[in-house]
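See structure below.
What follows is calculated from the coordinates using simple rules that are stated; it is not laboratory data. Only a predicted model underlies this, so the values are computations on that prediction, with no experimental measurement involved. Ideal geometry is used to build each Cβ from the backbone, glycine not excepted, and the neighbour counts take in all protein chains shown.
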């Protein structure tokens with residue numbers, strides 16, 4: 001295979017999409033595009049709009065000099081709300097702009113900025129989270145000694161008119177709100193809350209609460225532990241779903257479905273996978289999971305009684321669907337960002353039985369020779385199944401035995417998936433290329449090995465390999481790396497350390 005060599009310079013010039021959002025009628029899609037590399041310490045991104053049938057090219061709704069994020073359509077589809085740090089870099093404020101383009105109107109000017117925006121059901125106002133002291137017009141305490149970990153800035157849910165006005169606190173009465181979601185009728189809200197924003201304080205202290213907007217105290221539905229995820233309401237407002245863990249089994253992550261009226265909790269079977277995101281589409285539930293090293297979407301009911309895997313064609317099924325804020329649901333349509341082994345993420349839509357790619361954000365890679373990814377699987381001495389990827393230099397199949405670089409994920413969770421491994425922190429596409437010994441990377445050891453011997457890094461090499469050959473790259477997942485004193489086993493070869 002011939003072509004240009006993939007370089008770090010190419011990596012920082014990549015563009016990737018986030019947050020696809022359907023218009024209320026499903027005809028248009030808003031999403032933001034962000035470069036991998038930034039020329040200053042502050043991030044930049046732009047929001048685009050295009051037709052979901054691909055009949056129009058992406059149209060920039062904002063500039064790209066600031067960080068413009070979180071597009072949200074008004075209920076009538078005429079306006080888009082978004083967050084932007086254009087007034088003060090690094091601090092996002094709430095803005096609205098006509099969906100056809102025009103001048104943006106800033107709605108907030110709060111210290112610390114805002115997050116988690118949502119339109120009210122009638123479209124007359126927007127809800128968001130912001131610091132409680134800022135909403136009350138109170139300055140931060142003026143102390144001579146400032147310790148970041150002791151200066152709690154809890155956020156509450158506030159509301160502001162869509163045409164501008166003073167923001168007002170909606171609730172809850174106290175605590176820190178991590179995220180929230182309005183019920184389909186807009187009358188209730190479910191929120192993930194804790195005493196403050198201290199991550200260390202989330203142990204068995206993350207609460208899912210529900211309340212009526214503007215009236216009444218919140219009611220606790222569920223107590224979780226760990227970092228909060230998004231909340232999703234069923235189409236009829238009878239259930240909410242979250243993905244999380246509960247004490248005492250904090251290592252297990254499950255989809256939990258709560259009956260809002262009764263508080264009954266159904267823990268869905270993980271089916272031997274790792275669920276990472278769940279959202280209702282009407283009254284059926286979509287669940288994103290990781291099976292070995294691949295992502296998948298399944299549909300089930302609120303009891304998890306039957307599961308149906310969703311297929312979107314070979315282009316998507318062979319790639320990685322990025323979950324969380326990068327998936328959106330509309331009637332029988334889905335929008336998502338999909339990265340493939342040979343390509344960074346693009347925006348796809350699936351409407352009925354048809355799945356289409358809407359963007360081609362990195363056409364410069366068409367002429368670049370990229371390594372192939374081959375899945376590996378073997379059983380460790382303790383019976384643990386270890387999964388990995390082998391990436392060979394382009395055109396190396398006839399090159400004989402090659403040097404090997406191993407990139408080991410330290411665990412105890414997460415993984416290397418079948419996405420494009422060539423970004424600022426994901427270097428595996430740089431390894432399998434023409435290199436000299438001085439430029440070859442080293443064996444990346446897991447944290448437990450590095451702690452015992454920081455110098456234990458080595459470039460493993462197969463016997464009889466030319467010193468100027470292109471190295472192969474192997475990614476190991478699951479944190480299942482096993483060692484013996486004085487040596488480490490990599491791809492069947494023991495290397496002295």
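Answer rounded, prolate or oblate for region 20-120, using the Cα gyration tensor with square roots of eigenvalues a ≥ b ≥ c: rounded when a/c is under 1.5, else prolate when a/b is larger than b/c, else oblate. Taking the square roots of the gyration eigenvalues as a ≥ b ≥ c, region 20-120 is oblate.
Normalised by the number of residues in region 149-308, the average gap of Cα pairs under 8 Å and 6 or more apart makes the relative contact order 13 percent. Comparing Cα centroids, region 221-279 and region 67-104 end up 31 angstrom apart. Using a simple spin-label model with pseudo-atoms 7 Å out from Cα toward Cβ, residue 166 and residue 381 lie 7.1 nm apart.
Full extension of the segment from residue 89 to residue 185, taken as 0.36 nm per residue of separation minus the current Cα-Cα distance, would add 31.0 nm. Computing FRET efficiency as 1/(1 + (r/R0)^6) for residue 25 and residue 214, where r is the C-beta to C-beta distance and R0 is 30 Å, gives about 0.55. Take 45-53, 73-81, 216-224 and order them by the average number of nearby Cβ atoms within 10 Å per residue, most first; the result is 45-53, 73-81, 216-224. For region 240-396, what class follows from the C-alpha gyration tensor (a ≥ b ≥ c being the square roots of its eigenvalues): rounded when a/c is under 1.5, otherwise prolate if a/b is larger than b/c, else oblate? In terms of gyration-tensor shape, oblate.
Rounded to the nearest 0.05, what FRET efficiency do residue 65 and residue 153 have when you use their Cβ-Cβ distance and R0 = 30 Å? Efficiency at R0 = 30 Å is approximately 0.60. Distances between every pair of Cα atoms in region 20-67, grouped in 10 Å steps from 0 to the bin holding the largest one, split as 27, 44, 23, 6 percent.
With 5 Å bins beginning at zero, the pair-distance distribution over Cα atoms of region 213-327 amounts to 2, 11, 21, 24, 20, 12, 6, 3, 1, 0, 0 %. Here the gap between residue 196 and residue 329, fully extended at 0.36 nm per residue and compared with their Cα-Cα distance, gives a gain of 44.8 nm. Based on the alpha-carbon gyration tensor of region 230-293 and its eigenvalue square roots a ≥ b ≥ c, which shape applies: rounded if a/c is under 1.5, prolate if not and a/b is larger than b/c, or oblate? Oblate shape, in that a/c is at least 1.5 and b/c is the bigger or equal ratio. Summarising the label geometry, the points placed 7 Å from Cα in the beta-carbon direction at residue 144 and residue 311 lie 7.2 nm from one another.
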